[in-house]
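Trainee: Below is the structure I would like to discuss, written out as structure tokens.
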Amino acid sequence: MLRLAAVTHAYGDVVSLRGVTLDLQAGEILCLLGPSGCGKTTLLRIIAGLEGNYSGEIRLDGADIRPVPVHERGFGLMFQDYALFPHMSVRQNIAYGLKRRGDKRRDIQRQVDGLLERVGLAGLGARDVAALSGGQKQRVALARSLAPNPRLLMLDEPLGSLDAQLRDQLALELRGLLKEAGIGAIYVTHDRREAFAIADRIAVMHAGCIQQCDSPRQLYHKPANAQVARFLGLRNLFARAENAQALQLAKQARALDSQTQHLLIHPRGISLERPVSAPAVDFSATLLAAVFRGEDWDIRLRLDGDLQLSFSTRELPAQIGEPVRVFVALEAVLALND
Amino acid sequence: MRAWLPRSGYALHLLPLLFLGIFFLYPLLSILDISLRPDGELDLSAFGRLIASDYYIETLLFTCYQAALSTVLTLLLATPCAFVFARYRFAGKSLLLSLSTLPFVLPTVVVALAFASLTGKNGIVNDLLRALFSLDYAPIQLERTLFLILIAHVFYNFAIALRIMTGYWASVGFATEEAARCLGAGAWSVWRDIRLPLIRPALLSAGILVFIFCFTSFGVVLILGGIRFATLEVQIYYQAVNIFNLPLAAALSIVQILSMLALMTIYTRQQRNLQLRLASSATIAKVPRTAAEKAAVASCVGMILLLLLSPLAALLARAVMVDGQLDFSNFLALAEKSRGSLLFIAPLEAIVNSLRFASLAMAAALLLGIIAASMIKRRGRLARLWDPLFMLPLATSAVTLGFGFIVALYEPPINLRASWLIIPISHTLVALPFVIRSVLPAMRAIPSSLGEAARVLGAKPHQKLLSIDAPLLGRSIAVGATFAFTVSMGEFGASLFVAQRESVTMPVVIYRLLGDPGLASYRQSLAMSVLLMLVCAGGFMLIERLRVAGVGEF
């Protein structure tokens, strides 16, 4: 549906986007995930038409939309701090896009009521937006951007200013609402939990480039490079030159090629019991540290031969300093470039 | 919180209170007295004549009318500029913003003369048009028109409106208007639905303030308009000085004072509203990229430069050019009293007068202002009273002050009729609020713990004062001092009442020279205006240089 090709943008001398190419299918939720300053918000603003001065192509259903001004694109954008109109009531905020579209007053009334119901704010239409809680504001902003039935909805860190508990709950709700409306969405966030919860596909951005664009599962299991692995918070990432034992392991797994600079021993492939289906090697090790996380333990081991590995396990296998046996599945040993 | 002054300094508090009592409240009460009891008995006939006569009602209406028109015109020009200033980043922006504040310190006589030099019958614009189209008459006839008064008012008040709105706009931010654009709002809808409603508090605040300034405008109206366009201010002056109808002048002053009180109340209320609505998010201005954005910035910059610089440049050109040649004879002529002049002294002596009075007023305003600021800084019921009390002179028109002086201080028990002291005293009164407003924020910004730390470390009260407070307040005191000096140099309204014969100041001399017949006097007034403009511009630059960003309430 939406297709970006080689989009490049700079603020003065600072290049913020370098040749971004991206596809969005109808009804798909795509997350732009990356640290702050990686260009994800800029990309969103370019798609919305709020940022000029870029090169590259943007097509919607095959048509070039670059010359179309913001207010004629028919896209929805939900802002980071919601940007609710402080001088309007909840109802007036939600109705604004419908009014601009020229809908009849009675239709607007009906649609706004429906939206208030859908986002769980029925009865709050007359409220002053300043009097709302953070979560309520978020819902008003969502309803406002959904109201004119946008062809594409963009959300810029929509849960960013809420507390963690509310965030998890709203992320699920949000996915439900988007899927129900069947609208294609681009969702910007720096929180990988949020991205995993909401996205069909995730594009990891770093320094103005898209590093990898995949399903959450694929992304987690097969990060395309060290940058992505680092951003996903995957442990056991080693520089190739740094650790002889890791290198040995990679050779065993036949994961190595000449350009490889990093080795990742994916935590999901490390266990205290021999894996049933996958080929694995085993090591004797010493338990260095263990942190109780509630549902499981985060532990760190030192293999005989000095390689240190971290992973989670359900049970604590030994006391600190005691020996343990550990298995590494060969498929979990990945060679990554920078 | 510890007071800024040591406890033994309580006696000092009497100083500013006595000063205000004798030289501000007593004259105001005298005006009230003379309006109600012109001959010692209650007699409301002066007020009766005010109400009965269409002429005075019209004067009041005209005062409001011209102020309203000036306000609308100022806001019309300042609103788009404020948007550009808040939204875009461009080279020279802060310089331009600071430059646009220059008129604030320029004396009204100088500005009036500058506009006459630009657009008057023999002004630069007419000269150019005459030369261009070989005309033998002046195509632009703005002298003694309301239009010229309005333009001069815009010149004065543009920066006030610009500053208030730019700051507010930047704090409100632009995310909401981007949201509106995403929801389908075009350029016009964004202005109507989002921008104007959002900055309404700042628009109102700026509007009321500009209205107040135009309501009390004296020099501009007197010189550019003459008695035909008499506002309340001009009428008070005319009744008191030309016709010597003191009861009527007093009654007019009472009307003026009451109007000002009402306006200030509205303004203070609106100001509170403005602070409440102020959001915390800071906006980062963006670089103009599209052709439309660049055009908006360019036209805004061009408009400001034209409005600000063209009259001043015209004044300068008229003063230093004689018959198309660079010639400083106008300045040399200041040493002589031109024949037929109504002046008692050579213009040069007025410069000496002005410098002398300004130095005295500065010293007095500093002393009283610092004590007053430390009184306001204290907490408690009394302190809350001091702040509006010491700000009152700012809300009282200069003409009312001057008029109050001649009714109250020209006869026993306090007779200053023959004394030149009355001039620096009146200037001190006008400058006092400026000193307080410069020093107070800096004083409030010093944490009381600093003084306490010094005391714990063994500093005696006066040692703490010298080693902690004085260095920390130094800059803001210098700003206050420069304000006081500059305000005194340019003060016109009150001086016109109280400056007599040998003790006239530069602005008064400029005004008198304008009234003199002959080209020689006119040229002297040009030269004098340029000198005064340079002094005030110098003071202004010093203030801008000294002012710590964010501190200072002007």
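Trainee: Averaged over A:70-77, how many beta carbons belonging to a partner chain fall within 10 Å of each residue's beta carbon?
Mentor: Shielding by partners across A:70-77 averages 5.
Trainee: Same structure, new question: Starting from the amide H of A:LEU153, placed 1.01 Å from N in the peptide plane, find each other amide H under 5 Å away whose residue is 5 or more places distant or on another chain.
Mentor: Those lying under 5 Å, H to H, from A:LEU153 are A:GLY76, A:GLY184, A:ALA185, A:ILE186.
Trainee: So, with +1 on the Cβ of K and R and -1 on the Cβ of D and E, and no other charges, what is the size of the charge dipole of the range B:342-548 about its Cα centre, to the nearest 20 debye?
Mentor: 820 debye
Trainee: Just in the range A:194-259: which trypsin sites (Lys or Arg not before Pro) are loop by DSSP and have at most 14 other Cβ atoms within 10 Å?
Mentor: Sparse-neighbourhood loop trypsin sites (Lys or Arg not before Pro): A:ARG254.
Trainee: Filter B:LYS93/B:LYS294; A:LYS222/A:LYS251; B:LYS121/B:LYS337; A:LYS40/B:LYS93; B:LYS377/B:LYS464 down to the pairs with a C-alpha to C-alpha distance above 22 Å, please.
Mentor: Cα-Cα > 22 Å for B:LYS121/B:LYS337; A:LYS40/B:LYS93; rest within.
Trainee: So for each of B:141-151, B:34-44, B:230-240 I average, over its residues, the number of other beta carbons within 10 Å; can you give me the resulting order with the highest mean first?
Mentor: Averaged packing, sorted descending, gives the order B:230-240, B:141-151, B:34-44.
Trainee: From the helices alone, meaning DSSP H stretches of at least four residues, give me the mean residue ellipticity at 222 nm for chain A, per-run term -39500 (n - 2.57), in deg cm²/dmol to the nearest 500.
Mentor: -8500 deg cm²/dmol
Trainee: Another one. Over the residues of the range A:234-336, compute the C-alpha Rg and express it relative to 2.2 N^0.38 Å.
Mentor: 1.04
Trainee: Sticking with this structure for a sec: With a cut-off of at most 16 other beta carbons within 10 Å, and DSSP calling the residue loop, which trypsin sites (Lys or Arg not before Pro) in the range A:116-147 qualify? Please list them.
Mentor: A:ARG127
Trainee: I would also like to ask the following. What aspartates and glutamates could a cross-link reach from A:LYS99, if we take a straight Cα to Cα line under 16 Å and drop same-chain neighbours fewer than 8 places away?
Mentor: Candidates past the 8-residue exclusion: A:GLU72, A:ASP107, A:ASP113, B:GLU177, B:ASP193.
Trainee: Using +1 at the Cβ of each Lys and Arg and -1 at the Cβ of each Asp and Glu in chain B, identify which of B:ILE414, B:PRO507, B:MET260 lies farthest towards the dipole's positive end.
Mentor: B:MET260
Trainee: Semi-axes of the equivalent ellipsoid of the range B:47-321: what are they in whole Å, largest first, if each equals the square root of 5 times a C-alpha gyration tensor eigenvalue?
Mentor: 36, 27, 15
Trainee: Calculate the tail of P(r) for the range B:302-437: the fraction of all Cα-Cα distances greater than 17 Å, expressed in %.
Mentor: Tail of P(r) above 17 Å: 75 percent of Cα pairs.
Trainee: Dipole of chain B, Cα-centred, from +1 at each Lys and Arg C-beta and -1 at each Asp and Glu C-beta, to the nearest 20 debye?
Mentor: Around 2060 debye, computed over chain B.
Trainee: How high is the relative contact order of chain B? Use alpha-carbon pairs under 8 Å, at least six apart in sequence, and give a whole percent.
Mentor: It comes to 22 percent, rounded to a whole number.
Trainee: Compute the distribution of all C-alpha to C-alpha distances in chain A, in bins of 20 Å from 0, and list the percent of pairs in each, rounded to whole numbers.
Mentor: The distribution over chain A is 27, 46, 23, 3, given as percents.
Trainee: Follow-up question, since we're still on this one. Just tell me which aspartates and glutamates come within less than 20 Å, Cα to Cα, of B:LYS460; anything on the same chain fewer than 8 places away is out.
Mentor: Candidates past the 8-residue exclusion: B:GLU452, B:ASP469.
Trainee: Give me the percent of Cα-Cα pairs in the protein assembly as shown that sit more than 35 Å apart, rounded to a whole number.
Mentor: Of all Cα-Cα pairs in the protein assembly as shown, 64 percent lie more than 35 Å apart.
Trainee: Averaged across A:146-158, how many Cβ atoms of other chains sit within 10 Å of each residue's Cβ atom?
Mentor: Partner Cβ neighbours, averaged per residue: 1.
Trainee: Could you work out [θ]222 nm for chain B from helices alone, using -39500 (n - 2.57) per DSSP H run of at least four and dividing by all its residues? Round to the nearest 500 deg cm²/dmol.
Mentor: My calculation for chain B gives -22500 deg cm²/dmol from helical runs alone.
Trainee: Something else: Roughly how many debye, to the nearest 20, is the charge dipole of the protein assembly as shown about its Cα centre, given +1 on each Lys and Arg Cβ, -1 on each Asp and Glu Cβ, and no other charges?
Mentor: With only Lys, Arg, Asp and Glu charged at Cβ, the dipole is about 680 debye.
Trainee: By how many degrees, between 0 and 90 and to the nearest 10, does the Cα long axis of helix A:90-101 differ from the longest principal axis of chain A?
Mentor: 70 degrees
Trainee: Starting from the Cα gyration tensor of chain B, take the square roots of the eigenvalues, sort them a ≥ b ≥ c, and report rounded, prolate or oblate (rounded when a/c is under 1.5, otherwise prolate if a/b is larger than b/c, else oblate).
Mentor: It is rounded, given that a/c, with a ≥ b ≥ c, falls under 1.5.
Readers should treat all values here as calculations from the given coordinates under stated rules, not as data from a laboratory. Everything numeric here is computed off the predicted structure, so don't read it as measured data. When we count neighbours, we look across all protein chains shown, and the Cβ atoms used for this are built from the backbone with ideal geometry, even at glycine.
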